[in-house]
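The values are calculated or read from the model by the stated rules, or taken from the named source; none is laboratory data. Just so you know, these numbers come straight off a predicted model, no measurement behind them. Cβ: placed from backbone, ideal geometry, glycine included. Neighbour counts: every protein chain shown. Each accessible area value is taken on the protein alone, full model and side chains, heavy atoms only, with ligands, DNA and RNA left out. Shrake-Rupley method; radii C 1.70, N 1.55, O 1.52, S 1.80 Å.
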Amino acid sequence: MSSPCDPQHAPTGDVSAALMMIDSRLQAVYDGKTGTDPEHQALIDQFAASLGPGGVDEVLDGACTLIFMFMKWLRMAYEDHDEDVIACVVPNLVTTMRMMPKSVPSETIPTMAGLLVAAGTGLSPNLWRKQYGYWTEDEMTPLEATVFLLAEHINRLTDDPNFATRLITEALSAADED
């Protein structure tokens, strides 16, 4: 039986833009820049403003596609070790988000956990979220944090600070070739 949250019905969005934003955050953290860089934030704000309303939706969908792709990779990696991706990833990320109250308000954590569970069970995180209405302003930073934390989790598992980004760019390149 097909689900209304089946990934085949989901828009992929602007995965490249979402990946660029996440990769720049990862590189900043790996370079020891954990504070807010006003110049970097100004570039992100300028980029977001240039997108317009439709472009923002595309980046939101792209971020959800990244969550789906990262969770799919993690599901396969954990299954290779007879472990459950939801049991291994979701509690870890929820605990980390709870330690970030300025960026991730506690009321947004259940939604972010729901996105992870949806993706971990093979459902589209953006379609799962859309059944509850449009994204709220309060969910934007937690969504970015969720994608960031997944990418960082993958990079830690593989002991490669660029693995998650490379995983997606290779998938995008392969899709372009088809």
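I'd like the full set of residues that are within 20 Å of the chain's Cα centre (by Cα), more than 19 Å from residue 136 (Cα to Cα) and open to solvent by 20 Å² or more (accessible area, probe 1.4 Å), limited to the range 45-71.
Matches in the range 45-71: 47, 68, 69.
Assess whether residue 41 counts as being over 24 Å from residue 154 (Cα atoms), modelled with pLDDT under 80 and open to solvent by 80 Å² or more (accessible area, probe 1.4 Å). Quick ask: steps written out before the conclusion?
Working: over 24 Å from residue 154 (Cα atoms): yes; modelled with pLDDT under 80: yes; open to solvent by 80 Å² or more (accessible area, probe 1.4 Å): no.
Considered against the rule, which asks whether it is over 24 Å from residue 154 (Cα atoms), modelled with pLDDT under 80 and open to solvent by 80 Å² or more (accessible area, probe 1.4 Å), residue 41 comes out as no.
Any chance you could count how many residues in the range 76-113 are small (Gly, Ala, Ser), surrounded by fewer than 17 Cβ atoms within 10 Å (Cβ to Cβ) and either in a helix (DSSP H, G or I) or without any contact (Cβ under 8 Å) to a residue 40 or more places away in the chain (or both)? Step through it out loud before you land on a result.
Of the residues in the range 76-113, the ones small (Gly, Ala, Ser) are 77, 87, 103, 106, 113.
With the extra rule that they be surrounded by fewer than 17 Cβ atoms within 10 Å (Cβ to Cβ), the set shrinks to 77, 87, 103, 106.
Now drop any that are not either in a helix (DSSP H, G or I) or without any contact (Cβ under 8 Å) to a residue 40 or more places away in the chain (or both), which leaves 77, 87, 106.
Looking only at that region, the number is 3.
Evaluate the following for residue 33: is it surrounded by 12 or more Cβ atoms within 10 Å (Cβ to Cβ), within 19 Å of residue 158 (Cα to Cα) and of a type outside the set (Phe, Trp, Tyr)?
On the way: surrounded by 12 or more Cβ atoms within 10 Å (Cβ to Cβ): yes; within 19 Å of residue 158 (Cα to Cα): no; of a type outside the set (Phe, Trp, Tyr): yes.
Considered against the rule, which asks whether it is surrounded by 12 or more Cβ atoms within 10 Å (Cβ to Cβ), within 19 Å of residue 158 (Cα to Cα) and of a type outside the set (Phe, Trp, Tyr), residue 33 comes out as no.
Just the residues that are among the polar types (S, T, N, Q) and assigned to a helix (DSSP H, G or I), please, taken from the range 1-55. Before you say what the answer is, go through the steps one by one.
Filtering the range 1-55 down to residues among the polar types (S, T, N, Q) leaves 2-3, 8, 12, 16, 24, 27, 34, 36, 41, 46, 50.
If the condition is that a residue be among the polar types (S, T, N, Q) and assigned to a helix (DSSP H, G or I), then 8, 16, 24, 27, 41, 46, 50 are the ones that fit.
For the range 15-28, indicate whether the set of residues that are open to solvent by less than 70 Å² (accessible area, probe 1.4 Å), out of contact with any helix residue (DSSP H, G or I) (no Cβ under 6 Å at 6 or more places or on another chain) and β-branched (Val, Ile, Thr) is non-empty.
The answer is no; no qualifying residue exists.
Go through the range 147-174 and count every residue that is part of a helix (DSSP H, G or I) and either open to solvent by 60 Å² or more (accessible area, probe 1.4 Å) or not hydrophobic (A, V, I, L, M, F, W, C) (or both). Steps first, please.
Start the filter on the range 147-174 by keeping residues that are part of a helix (DSSP H, G or I), which leaves 147-158, 163-174.
Then drop every residue that is not either open to solvent by 60 Å² or more (accessible area, probe 1.4 Å) or not hydrophobic (A, V, I, L, M, F, W, C) (or both), which leaves 152-153, 155-158, 165-166, 169-170, 173.
Residues that pass the stated criteria total 11.
Among the numbered conditions (1) outside any helix (DSSP H, G or I); (2) touching an Asp or Glu at 6+ places or on another chain (Cβ under 7 Å), tell me where residue 62 comes up short.
(1)
Quick one: how many residues across the range 36-58 are among the small types (Gly, Ala, Ser) and in contact with a helix residue (DSSP H, G or I) (Cβ under 9 Å, 6 or more places away or on another chain)? Lay out the reasoning, then the answer.
The initial filter retains those residues of the range 36-58 that are among the small types (Gly, Ala, Ser), namely 42, 48-50, 52, 54-55.
Next, from what is left, pick out any that are in contact with a helix residue (DSSP H, G or I) (Cβ under 9 Å, 6 or more places away or on another chain): 48, 55.
The number of residues fulfilling the criteria is 2.
If I filter the range 114-129 for residues that are in a loop (DSSP other than H, G, I, E, B), open to solvent by 60 Å² or more (accessible area, probe 1.4 Å), β-branched (Val, Ile, Thr) and in contact with a helix residue (DSSP H, G or I) (Cβ under 8 Å, 6 or more places away or on another chain), do I get at least one hit? Spell out how you get there, then give the answer.
Let us first name the residues in the range 114-129 that are in a loop (DSSP other than H, G, I, E, B), namely 121-124.
Subsequent filtering for residues that are open to solvent by 60 Å² or more (accessible area, probe 1.4 Å) retains 121.
Pick out the ones that are also β-branched (Val, Ile, Thr) and you get 121.
Filter once more, so that each one left must be in contact with a helix residue (DSSP H, G or I) (Cβ under 8 Å, 6 or more places away or on another chain): 121.
So far as the range 114-129 goes, yes, one or more of its residues are in a loop (DSSP other than H, G, I, E, B), open to solvent by 60 Å² or more (accessible area, probe 1.4 Å), β-branched (Val, Ile, Thr) and in contact with a helix residue (DSSP H, G or I) (Cβ under 8 Å, 6 or more places away or on another chain).
Out of the residues in the range 130-143 meeting the condition of being open to solvent by 50 Å² or more (accessible area, probe 1.4 Å) and outside any loop (DSSP other than H, G, I, E, B), tell me which one is nearest to residue 12 (Cα to Cα). If you could, list the steps in order and put the result at the bottom.
Keep residues of the range 130-143 that are open to solvent by 50 Å² or more (accessible area, probe 1.4 Å), which gives 130-132, 134, 136-138, 140-141.
Cutting the leftovers down to outside any loop (DSSP other than H, G, I, E, B) gives us 130, 137-138, 140-141.
Working: 130: 14, 137: 21, 138: 22, 140: 18, 141: 20 Å.
The qualifying residue nearest to residue 12 (Cα to Cα) is 130.
Search the range 151-166 for residues that are closer than 16 Å to residue 67 by Cα and pair each with any residue that is among the charged types (D, E, K, R) and open to solvent by 70 Å² or more (accessible area, probe 1.4 Å) when their beta-carbon atoms are under 6 Å apart and the residues are at least 6 apart or on different chains.
Sorted first by the residue in the range 151-166, then by its partner, the list stays empty.
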